[in-house]
Amino acid sequence: MANRTISGDPLAALAAHLSAHRLTVELTSRGLRVVNPDVPGCCDESGSASDLVTCRARPEDFGNAWFWTSWGEPIARADRITDAAVFIRGYLTGAGR
C-alpha cells in the first residue's frame, strides 16, 4: 500500500488550532514545536512546558498518518485535529501529573 496523504499539511492545521488556544507554535523541519508559556518546564533548558509533535504513519492503523509526541506516544490520527489538540493541551498543562 502506498503512503496515504492528507490534503494540506496536518501539522500546519494542528498549529493553527493550538495557536487559537494560546499555545505558542513553530513549524520546524523536525516537526511542530508546541509551548505552553503559562506552565513551567521541566528544567533549565526548558523554561516552559513544551513538546515537538511529529506526524508519521502508524503501522498498527494500516499506515494512516498520526500525530506523535517526542517520546513516541501516539496522540491521534492526523485527521482528528481537535482530538490531538485536546490531548496536547492536556499534557502541556500538567493534567494527569
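Note on the stretch 69-94: among residues that are touching a residue at least 12 places away in the same chain (Cβ under 8 Å) and basic (K, R), the one that is farthest from P40 (Cα to Cα) is R77.
For the stretch 44-97, a residue qualifies if it is at pLDDT 95 or above and of a type in the set (A, V, I, L, M), and the qualifying residues are L52, V53, A57, A65, I75, A76, A78, I81, A84, A85, V86, I88.
Annotation note: Cβ proximity below 7 Å between a residue of the stretch 1-21 that is open to solvent by less than 80 Å² (accessible area, probe 1.4 Å) and in a loop (DSSP other than H, G, I, E, B) and a residue that is at pLDDT 70 or above and basic (K, R) (sequence gap 6+ or interchain) occurs for H21/R89.
If you go through the stretch 49-84 one residue at a time, how many are closer than 18 Å to T28 by Cα, open to solvent by less than 20 Å² (accessible area, probe 1.4 Å) and touching a helix residue (DSSP H, G or I) at 6+ places or on another chain (Cβ under 6 Å)? The total comes to 3.
The values are calculated or read from the model by the stated rules, or taken from the named source; none is laboratory data. Just so it is clear, the model here is predicted, and its values are computed rather than measured. Because the Cβ atoms are built from the backbone with ideal geometry, glycine has one as well, and the counts that use them run over all protein chains shown. Quick note on the areas: whole protein, heavy atoms, side chains included, nothing else; ligands and nucleic acids left out. Shrake-Rupley method; radii C 1.70, N 1.55, O 1.52, S 1.80 Å.
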